[in-house]
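Colleague: There's a structure below that I have some questions on.
Please treat every number below as a calculation from the coordinates, not as lab data. As the structure is a computational prediction, the values presented were derived from the model and not from experiment. All Cβ positions, glycine included, derive from the backbone under ideal geometry; neighbour counts span all protein chains shown.
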Amino acid sequence: MMNFRRLEGSCLLVVFSLTAVSCQVQVEGFPGGEVLLPCIYRRGGLPQGGPNVFWRDKDDSIVLDIKANKADTSLQNKKFTGRVETFPEFYPKGNFSIVIKKLQEADSGPYECNIPAVDYAFRVKLTVSGRRVAMTTPRPGPAGGAAEGLSSILLTLLSVLLSARHVL
Ligand SMILES: *[C@@H]1O[C@H](CO)[C@@H](O)[C@H](O)[C@H]1NC(C)=O
């Protein structure tokens, strides 16, 4: 419940900045490929020496922990062993994005990047589909099916506006 509340907060923020109307970023990959799961915190106030950042998957399995600017894989779930890349050079910028490699269909589902120190949680929904795109790395974001993405954004925007009218 707490998590949901936090997510709601960050949703409102993206709604108003109109960069993404959905509170959940969607990324796509294909079996054997790799994909970037973004987690960028820009609002400042991160603790000196680096915050704890917890990446979890749909089963609440440990994908990666980042503690004091260091990746900690000691408690990482075996299914992610050797498959998660992290970028310490970006931590000081609040960028805790990871790359998951050697994707499997079972990796599909929601992922959450949680930074308790600043009460931040970010959700990314990963879809690993059987369709193979030879030798290309899928890009994050709504790259595939622009028209489809646009109409779902419009629909979401409409429902946001309608529900906002109830609130105001
Ligand atoms: C965050 O880090 C990832 C991984 O290195 C990088 O690909 C991405 O461009 C960075 N994003 C920003 C906004 O700095």
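Colleague: Would you mind getting me the FRET efficiency between residue 67 and residue 118? Use the beta-carbon distance for r and R0 = 25 Å, nearest 0.05. The partial results should precede the final answer.
Modeller: Numbers: r = 15 Å, r/R0 = 0.60.
After rounding, the FRET efficiency stands at 0.95.
Colleague: Straight distance only, please: which lysines reach the Cα of residue 102 with their own Cα at less than 22 Å, same-chain residues fewer than 8 apart left out?
Modeller: Residue 102 reaches 58, 78, 79, 125.
Colleague: What list of whole percents do you get for P(r) of the stretch 44-115, with Cα-Cα distances grouped in 10 Å bins up to the one holding the largest distance?
Modeller: Bin by bin from 0 Å, the calculated values are 19, 55, 23, 3.
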